[in-house]
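Data first, discussion second: the structure below is written as structure tokens.
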Amino acid sequence: MGVSSFGDQNCAQFGADTRVDAELDFLYANAPQLQCQADGSCNAACGASDLPVDDDCSICTKDTECEDEEVCAIDGRCVPAPFTPGGNGSECSGNGECASGLCASDDTGGACTSICTTDDSCGDGFECVEAGAESICWPESSDSGWCSAGGNAPAPPVGTLFFVLALVAGMRRRRRS
């Protein structure tokens, strides 16, 4: 299957075309919603960062309907469980490592997080904390899953909150352009 750039009406004498599969990286970078189409494969990045939900992803109502190390998110998708690779609270060094598409970091490292509106939207062990104009799911102070010498999660450092605010503002600017 290919896309024609130009040519005669019947594409019989001259023209230029390219294979779609050879241009997927370009297409996804310029029209990311295309990666969330029903194609028999679930893309976990879909449903976050303003991408539509991928119809191939599991729809759930409870955690037992999801695979091992997954939980049923508030939007009905199976996502990595907290503190498992890609799940909220897990270590990350970039947005692509997080199912939510959002990695927040401070001077001690990074952790996957997600935008929230209430503590209920974050799940057990997390609280919805303000980070500038947005709020993010952050491990509760009593949760020992977040790295710290004392075993308790620190409150999000001010530097992290500013980083997340800048990250969210940058994401919004990119979406508008």
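Scan segment 20-42 and tell me whether some residue there is touching a Gly at 6+ places or on another chain (Cβ under 6 Å) and at pLDDT below 90. For segment 20-42, residues touching a Gly at 6+ places or on another chain (Cβ under 6 Å) and at pLDDT below 90: absent. Counting only residues that are of a type in the set (Ser, Thr, Tyr) and in a loop (DSSP other than H, G, I, E, B), segment 26-49 holds 2 of them.
Taking the numbered list (1) at pLDDT below 90; (2) surrounded by 18 or more Cβ atoms within 10 Å (Cβ to Cβ); (3) over 15 Å from residue 101 (Cβ atoms) in turn, residue 47 passes all entries but (3).
Look at segment 14-30: where a residue is over 22 Å from residue 96 (Cβ atoms) and a partner is in a helix (DSSP H, G or I), sitting 6+ places away or on another chain with Cβ atoms under 9 Å, you get 20/27. For residues that are in a loop (DSSP other than H, G, I, E, B) and hydrophobic (A, V, I, L, M, F, W, C), scanning just segment 103-133, find the one that is farthest from residue 91 (Cα to Cα). Here the residue is 133. Restricting 54, 39 to residues that are buried (at least 16 other Cβ atoms within 10 Å of the Cβ) and not small (Gly, Ala, Ser) narrows the list to 54. Only one of the numbered conditions (1) more than 24 Å from residue 128 (Cβ to Cβ); (2) of a type outside the set (Lys, Arg); (3) at pLDDT 85 or above is violated by residue 97, and that is (1). The residues of segment 9-25 that are part of a loop (DSSP other than H, G, I, E, B) and surrounded by 10 or more Cβ atoms within 10 Å (Cβ to Cβ), listed by number, are 11, 20.
The values are calculated or read from the model by the stated rules, or taken from the named source; none is laboratory data. In this text, all values refer to a predicted model and were calculated from it rather than measured experimentally. Note that we place each Cβ from the backbone using ideal geometry, even for glycine, and neighbour counts take in every protein chain shown.
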